[in-house]
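Okay, structure first, notes after.
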Amino acid sequence: MNPFTFARAQDVQDAVRQGAAAGSRYLGGGTNLVDLMRETIERPAQLVDVSGLSQQIDERADGSLLVGAAVRNTALAEHRAVRTRFPLLARAIASGASGQIRNMATVAGNVLQRTRCTYFYDREGAHCNKRNPGEGCDALQGVHRMHAVLGASSACIATHPSDMCVALAALDAVVHLQGVGEARQVPFASFHLLPEDHPERETVLQPGELITAIEIPALAFGANSTYRKVRDRASYAFALVSVAAALEVQDGVVSDVRLALGGVAHKPWRAAMLEQMLRGQPADAVHFEAAARAEMADAKPLRDNAFKIPLAQRMMVAVLDRLATVHS
């Protein structure tokens, strides 16, 4: 058993002050952190409870939303503005975990959950660079059907597990952070890191920094959006591949598009190549297929996960085709 102290933050400044201490970790819903503590993978010296802070969802005049870090996943998915303006986000959240976990999990906690695989949990029998830097990655030659085909490295091939984060990546969300004496904002696409040689570094968070809110910018065509997830079972399973997309079509031509993939990389994967290729092109299957192939052109499959490449391509085309049909 690992002893630790527990403190409940009174406000953001109090949280940051306590969180700056060596060995401190912030506690929201605890659905990932407490699990890792039970496995003795995480061993914090102090837990700072921030679940009582930042629980509001503010609708701004420009159509954007400012979502407090401690908002529960269920509350965000059920919010009227999310369901009407950003249905891809509501559907992504509803696709994640179980109802009980969504009722407990916070928005910031979802964003900060560890990128992980079964080897990460096998503390006694497996080598894992994410758990012990420099130790090696047994997944490379082991069971890696669920693992990354984009942006991976020889140090780590785990995939980011969040559904919500895929939608936030597509929506150009912004992460609001508060450190000791300094606040900053980080574009969501830059917040999570690819593994390279240091898979233990998963985000750009500095020691003691606290997520205070997630900003979702207004998106004129956000209502024409969806989230689709392929997984091994109907619930409580990570994605093999998932797609979050929003599409705007005018006179049969793609005027704008947002798309991100889950289940394929160490972080939510924004499909920048696909978006660039589709803008200004006819909204049809031929162009959707060409853009999807280009997006996956740099994929590097392993022995058991090559199926993810054609699966991702087909899913992107199917989702875009559905959105184009609904829009017309």
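The values are calculated or read from the model by the stated rules, or taken from the named source; none is laboratory data. Treat the numbers as computed from the prediction; the structure is a model and nothing was measured. With ideal geometry, Cβ positions are generated from the backbone for all residues, glycine too; neighbour counts draw on all protein chains shown. The accessibility values were calculated without ligands, DNA or RNA, using every heavy atom of the protein model including side chains. Shrake-Rupley method; radii C 1.70, N 1.55, O 1.52, S 1.80 Å.
Results, tabulated for the structure shown:
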read-out: Enumeration of residues in the stretch 126-145 that are part of a loop (DSSP other than H, G, I, E, B), open to solvent by less than 60 Å² (accessible area, probe 1.4 Å) and not polar (S, T, N, Q); value: 126, 130, 131, 136, 142, 144
read-out: Contacts under 8 angstrom Cβ, first residue in the stretch 95-109 being more than 15 Å from residue 238 (Cα to Cα) and at pLDDT 95 or above, partner of a type in the set (Ser, Thr, Tyr) and surrounded by fewer than 23 Cβ atoms within 10 Å (Cβ to Cβ), 6 or more apart; value: 103/74; 104/31; 105/31; 106/51; 109/31
read-out: Options 83, 8; residue that is touching a helix residue (DSSP H, G or I) at 6+ places or on another chain (Cβ under 7 Å) and open to solvent by 50 Å² or more (accessible area, probe 1.4 Å); value: 83
read-out: Filter result for residue 89 (of a type outside the set (Asp, Glu), under 15 Å from residue 167 (Cβ atoms) and surrounded by 17 or more Cβ atoms within 10 Å (Cβ to Cβ)); value: yes
read-out: Residue within the stretch 100-120 that is crowded, with 23+ Cβ neighbours inside 10 Å, outside any helix (DSSP H, G or I) and of a type in the set (A, V, I, L, M) present; value: yes
read-out: Selection from the stretch 11-40 of residues that are in contact with a helix residue (DSSP H, G or I) (Cβ under 7 Å, 6 or more places away or on another chain), open to solvent by 30 Å² or more (accessible area, probe 1.4 Å) and of a type outside the set (D, E, K, R); value: 26, 31
read-out: Condition met for residue 241 (crowded, with 17+ Cβ neighbours inside 10 Å and under 22 Å from the mean Cα position of the chain (by Cα)); value: yes
read-out: Unmet criterion (only one of (1) outside any strand (DSSP E or B); (2) of a type in the set (A, V, I, L, M, F, W, C); (3) open to solvent by less than 50 Å² (accessible area, probe 1.4 Å); (4) free of Cβ contacts under 8 Å to residues at least 24 places away in the same chain) for residue 186; value: (1)
read-out: Residue 225 over 17 Å from residue 271 (Cα atoms) and either in contact with a Ser or Thr (Cβ under 9 Å, 6 or more places away or on another chain) or polar (S, T, N, Q) (or both); value: no
read-out: Subset of the stretch 200-230 (residues that are touching a residue at least 40 places away in the same chain (Cβ under 8 Å), more than 23 Å from residue 66 (Cα to Cα) and open to solvent by 30 Å² or more (accessible area, probe 1.4 Å)); value: 200, 207, 228, 229, 230
read-out: Residue 75 being surrounded by 21 or more Cβ atoms within 10 Å (Cβ to Cβ), without any contact (Cβ under 8 Å) to a residue 60 or more places away in the chain and closer than 21 Å to residue 165 by Cβ; value: no
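Condition check ((1) touching a Gly at 6+ places or on another chain (Cβ under 8 Å); (2) touching a residue at least 60 places away in the same chain (Cβ under 8 Å)) across all residues:
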{"residue": "5", "(1), (2)": "no, no"}
{"residue": "31", "(1), (2)": "yes, yes"}
{"residue": "85", "(1), (2)": "yes, yes"}
{"residue": "89", "(1), (2)": "no, yes"}
